[in-house]
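The values are calculated or read from the model by the stated rules, or taken from the named source; none is laboratory data. Computed from a prediction, not measured in an experiment: that's the story for all the values here. Methodologically, a virtual Cβ is constructed for each residue, glycine included, from the backbone with ideal geometry; neighbour enumeration extends over all protein chains shown. The accessibility values were calculated without ligands, DNA or RNA, using every heavy atom of the protein model including side chains. Shrake-Rupley method; radii C 1.70, N 1.55, O 1.52, S 1.80 Å.
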Amino acid sequence: MPTETFEFQVEARQLLQMMIHSIYSNKDVFLRELVSNASDALDKLRLESLRDDTLGADVSDLHIDLEADPDARTLTVRDNGIGMSHDEVVQLIGTIANSGTAKFLKELKEAQGAGAAEGLIGQFGVGFYSSFMVADEVTLLTRRAGEAQGTRWNSTGEGTYTIETVEDAPQGTSVTLRLKPVDDEDKLYDYTSRWKIKEIVKRYSDFITWPIRMAAEAPAQAAEEEEGAEPGEAPAPETVNSMKALWARSRSEVTDEEYHELYKHISHDWSDPLDTIRMQAEGTFEYQALLFLPSRAPQDLFSQGHKRGVQLYVKRVFIMDDCEALLPEYLRFVKGVVDAQDLSLNVSREILQQDRQIQLMHRRLTKKLLSTIKDMMSAQPEKYATFWQEFGRVVKEGLLSDFDNRDAILAACSFATTHDQEQPTTLQQYVERMKEGQEHIFYLTGESRAAMENSPHMEAFKARGVEVLLLTDPVDEVWVEAVPGFDGKELRSIAKGEADLDTEAEKEEVKAEREKQQQEYAGLLTWMGEQLGEDLKEVRLSTRLTVSPACIVSDTNDVTPALQNLYRAMGQDLPATKRILELNPGHPLVSGLRAAQAERGAAADLAETAELIYGMALLAEGGELRDPSRFTRLLADRLERTL
Ligand code: ADP
């Protein structure tokens, strides 16, 4: 069989270059990554042989071997797991499937300084390629269970790799690293050293549920160090990990670091998790759960193929990855392990969705996570802020899908507010600050805090010091429509309906004045309604403006343009709804137009002024003009006349 030479995919090549030039300072983690892959391969083989009894694979002694050769300076990680076919090697090892890779690499290029780059790579995780931090050549020999021929892959990480077919490869995978020279400066330890290897395994992979074996110390060497060892004895293998399931041990026995390493194994994230949550349910239906909140949102959190769900174990035996049935979609970022005592070992994904015990666990895990997030809010505000920054917009999706937990979700939410430039608020805090006579919780949705703060809709609220929530996530447009309120208070958009901020006493006071204005402006309103009728439902006087001449609002029950865009993006077109133009009678442009219109009627320049006012109102809310070039021309003409 000839040796074929392949080129790495562009992204893979870039990533490899970074590994070779070692931008990650903790090189020890390469071994964690290789052991993690080997452990996954053993899990897969065990499951596949349960499903397919024609596979013919020996599953009686599944394990991982570590073999160091100090003279040749090689280290081999070998498993007798599922292995890979020729095509899988090309596909899995030659390319990077992660959908966020391109974006990640771009960020990495732009990252300032080694610290930032290190943080990014930690967040991304690079798996197998991390071998090239410590090795200048890597050889992978693998044979897939059930197949006759094996495949040898080899590369120095410099752009190409070779593949050849091998006739007598053992089933499973071995990865052999030709190690770079030891280098104190670059923290390249002697990875052929027994104690170094043992130390790394203990630190990062102790909980792996398969035995990780190493040849016991050579007798001659042992004899020197340890009195009474028999010389001439053949080296026996030693299992270097304890294999203890962390979730089954009591809290006091496990260090935070151990939890973190389990998280890294499960999530393929190289950073520590933000929080670790333990649960133990006793009684008739017993299970243990160890859940983690990551410290950063993955790149693909909002993409279709995002894997979600925790690992399911039954009585310490791994059953499946990404068990979606255990958590709702809006908690899809949660990683972890759930180990149930009373489930069948060959339970399938289809059965899981129906299973009563799974549903019960789903409910409890959801409640526990929501209460943990809420508690974090007061007990660890900084941690909560990080969490909310990364995952808040995902959690809020739950307001649309999980009616049973709506209150619990709302209680865990926080929002930017006009009350404080920096600190977000909870709805509870908002309600406690509500002014005498204020009946509703006011909010505005928009693209950015700055744009909303300066929006004309905000003027009367600013003038009166009424707090407004500033909602910028796309999902906010949707849930505010679906959630009726909080604590008996309705949620009200300040860009919808009439702004009714006057107290009863004030209403009496200003009543006469408003009526007078109404009469005065009746002619202008009707005329403008005729001029702009195509786009507008109504032209009316505003009580929400103090500075701007005009603004656009939606009718109380109408769909806002932002929501309309959102539906459109999801392929659902709603009929366009007409909106309302509100005029500020206190603005000289508006009062001037009224006077001019009363005097000169339907003059062409006045119609243009009306059009310009409408255009300005649209722009002020970040909306789009129907005919931007016409608007620009009209405006340029006007400006010209002022010179
Ligand atoms: P990740 O483990 O994050 O998916 P890797 O680059 O480490 O990324 O590995 C890519 C893929 O190659 C794995 O998902 C797995 O399918 C396959 N693979 C890696 N190592 C092994 C192994 N020892 N046995 C079988 N398959 C493996």
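Tabulated data
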{"item": "Subset of segment 30-53 [modelled with pLDDT under 90 and either within 12 Å of the ligand (Cβ to nearest atom) or in a loop (DSSP other than H, G, I, E, B) (or both)]", "result": "Asp52, Asp53"}
{"item": "Residue pairs meeting the criteria (Cβ under 8 Å; at least 6 apart or on separate chains; first of a type in the set (Lys, Arg), in segment 322-347; second in a strand (DSSP E or B))", "result": "Lys335/Leu291; Lys335/Phe292; Lys335/Val310"}
{"item": "Strands (runs of 3 or more DSSP E) wholly inside segment 402-499 containing at least 3 residues that are under 22 Å from Ile373 (Cα atoms)", "result": "415-417, 420-425, 469-471"}
{"item": "First in segment 11-38 and farther than 17 Å from Trp270 by Cβ and touching a residue at least 60 places away in the same chain (Cβ under 8 Å), second anywhere and in a helix (DSSP H, G or I) and away from the ligand (no atom under 12 Å from the Cβ), Cβ under 7 Å, 6 or more apart", "result": "Glu11/Ala102; Glu11/Leu105; Gln14/Leu105"}
{"item": "Among the candidates Arg568, Arg540, residue that is free of Cβ contacts under 8 Å to residues at least 60 places away in the same chain, outside any loop (DSSP other than H, G, I, E, B), within 25 Å of Leu625 (Cβ to Cβ) and open to solvent by less than 60 Å² (accessible area, probe 1.4 Å)", "result": "Arg540"}
{"item": "Among the candidates Pro294, Pro273, residue that is modelled with pLDDT of 90 or more, touching a Leu at 6+ places or on another chain (Cβ under 9 Å) and within 16 Å of the ligand (Cβ to nearest atom)", "result": "Pro294"}
{"item": "Residue among Arg203, Arg152 that is modelled with pLDDT under 95 and either more than 13 Å from the ligand (Cβ to nearest atom) or open to solvent by 10 Å² or more (accessible area, probe 1.4 Å) (or both)", "result": "Arg203"}
{"item": "Meets criteria (open to solvent by 10 Å² or more (accessible area, probe 1.4 Å), closer than 23 Å to Phe8 by Cα, of a type in the set (Val, Ile, Thr) and away from the ligand (no atom under 15 Å from the Cβ)) for Thr176", "result": "no"}
{"item": "Conditions (1) more than 12 Å from Gly157 (Cβ to Cβ); (2) more than 10 Å from the ligand (Cβ to nearest atom); (3) part of a helix (DSSP H, G or I); number of the one not met by Thr5", "result": "(3)"}
{"item": "All positions within segment 140-149 that are of a type outside the set (D, E, K, R) and within 13 Å of the ligand (Cβ to nearest atom)", "result": "Leu140, Leu141, Thr142, Ala145"}
{"item": "Segment 288-336, residues that are part of a strand (DSSP E or B) and basic (Lys, Arg)", "result": "Lys335"}
{"item": "Filter result (farther than 20 Å from Asp206 by Cα and aromatic (Phe, Trp, Tyr)) within segment 7-52", "result": "Phe8, Tyr24"}
